[in-house]
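Asks: Would you mind keeping the following structure in view while I ask a few things?
The values are calculated or read from the model by the stated rules, or taken from the named source; none is laboratory data. All of these numbers come straight from a predicted model, not from anything done at the bench. Note that each Cβ is placed from the backbone with ideal geometry, even for glycine, and that neighbours are counted across all protein chains shown. For the accessible areas, the whole protein counts, side chains as well, though only heavy atoms, and no ligand, DNA or RNA atoms are used. Shrake-Rupley method; radii C 1.70, N 1.55, O 1.52, S 1.80 Å.
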Amino acid sequence: MTAVDLSAPAEMVRSHDPDLFHAALFAPEPARARLMVLYAFDIELSKAALRPSEPLIARMRLQWWRDLVDGIGAGEPPRAHEVAGPLHGVLSADVVPGEELTALIDAHETELHGAMDEHRFGEWLDARFGGLMRLAAHLLTGGDGAARRAAGAVGHAMGVAYVLRNAVAMAADGGQYLLPSLGPEDRAALARGRTTPHTRAVAHGQADQALALLAAARAGRRSVPPEAAPALLPVWRAERVLAQARKPGFDLMPHPHRPHHDGRRAVSLAWRALRGRW
């Protein structure tokens, strides 16, 4: 796949999440194109829920996608939309469960409800990030159970890393805030770019849990079909963020990782793919 033949969903994924894009390139066609549609769908959901200060508008946008998924299941014709149209093809091919796409929409809507406790945070991680990666693994393996379980652990790790990378921006936003169990003083300090000891302890705990789940999933790596690899490879960057969060004195800066050039990212993913490592 080259720059001149990228579909609209693939171009969207490359622009918004290069790690998912480059990992998806290791999937054969037509699974590769369908993965791009799935990831572009999730990006559209993120954009729909992007303005938590206007929850009614965000919910209306998410409802549009919910009605779309329901309509595809009911046999409605494709819509003229760069992601909705290809999504119709993916659902019509029966390669992902439609009810799990709806659950993914519900997970994004959860973000409009404000701060979370530990329980709700765990449920949200599993539904949104775990849900997306399970869908990807399902698409690649036809629903293999071991692949879906590994993808859930990978999604959890990616979700915690996402929150850690974006915690300051989300706190400053004043609406969407996801890191659990922090008091008003912790959140106010974080909005100013300062990490309190309690916030640091929460980040450490979340990183430890995510890494433990990832290690348990890797212990059963031999039971996971190799076809699932493109859905599991993106965890490599998340693992780096989680390792940083366990260091003493870790601060939740807006971007606690170094950006990676596309070439270096592709080489790193290729090395892991060839060795069957994720």
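Asks: May I ask you to give the percent of accessible area on the chain that is carbon plus sulfur, with a probe radius of 1.4 Å?
Replies: Carbon plus sulfur share of accessible area: 55 percent.
Asks: Related question: If the elastic network links every pair of Cα atoms under 10 Å, which of F41, F250, F21 fluctuates the most in the Gaussian network model of the chain?
Replies: Sorting by GNM fluctuation, first place goes to F250.
Asks: Just to check I understand the Karplus step: with θ = phi - 60° and J = 6.51 cos²θ - 1.76 cosθ + 1.60, what whole-Hz values come out for segment 62-76, glycine and proline as x?
Replies: Each residue of segment 62-76 in turn: 5, 5, 4, 6, 5, 5, 4, 4, 4, x, 4, x, 8, x, 5 Hz.
Asks: OK, next. Extension gain A172-D70, at 0.36 nm per residue separation less the Cα-Cα distance, in nm?
Replies: Length gained between A172 and D70: 33.2 nm.
Asks: Sticking with this structure for a sec: Taking only DSSP H segments of four or more residues, each worth -39500 (n - 2.57), what value at 222 nm results for the chain once the sum is divided by all its residues, to the nearest 500 deg cm²/dmol?
Replies: Estimated from H runs of four or more residues: -21000 deg cm²/dmol.
Asks: Here's a follow-up. Rounded to the nearest whole Å², what accessible area per residue is found for the chain with the 1.4 Å probe?
Replies: Dividing the accessible area of the chain by its residue count gives 45 Å².
Asks: Ok, one more. When the solvent-accessible surface of protein heavy atoms is calculated with a 1.4 angstrom probe, in what order do K247, K47 fall, highest first?
Replies: Ranked from most to least accessible, the order is K247, K47.
Asks: Grab the beta carbon distance between A93 and A188, set R0 = 51 Å, and tell me the FRET efficiency rounded to 0.05.
Replies: 0.55
Asks: Report the one residue of L91, A137, P9 whose Cα lies farthest in the direction of the positive end of the charge dipole of the chain (charges on C-beta: Lys and Arg +1, Asp and Glu -1; origin at the Cα centre).
Replies: Final value for the positive-end residue is A137.
Asks: Pick out which of A24, A103, A147 has the largest mean-square fluctuation in a Gaussian network model of the chain, springs linking Cα atoms closer than 10 Å.
Replies: A103
Asks: Take the Cα atoms of the chain, find their three principal axes, and give me the spread along each one in whole Å, biggest first.
Replies: Over the chain, Cα extents along the principal axes are 51, 46, 35 Å.
Asks: Mind giving me the nanometre distance, one decimal, between the label points for A115 and S223, set 7 Å out from Cα along Cα→Cβ?
Replies: 4.0
Asks: Express in nm, to one decimal, how much length is gained between K247 and E100 on full extension, taking 0.36 nm for each residue of separation and deducting their alpha carbon distance.
Replies: 49.3 nm
Asks: Select from A245, A228, A201 the residue whose mean-square fluctuation is largest in a Gaussian network model of the chain (Cα-Cα springs shorter than 10 Å).
Replies: Maximum among the listed residues: A201.
Asks: Express in whole angstrom the spacing between the alpha-carbon centres of segment 11-38 and segment 100-175.
Replies: That distance is 18 Å.
Asks: Calculate the dipole size of the chain relative to its Cα centre from +1 charges on Lys and Arg beta carbons and -1 charges on Asp and Glu beta carbons; express the result in debye to the nearest 20.
Replies: 1240
Asks: Check L50: other-chain or 5+ apart residues with amide H under 5 Å from its amide H, H built from backbone geometry?
Replies: Under 5 Å from the amide H of L50 lies no amide H from a residue far enough along the sequence or on another chain.
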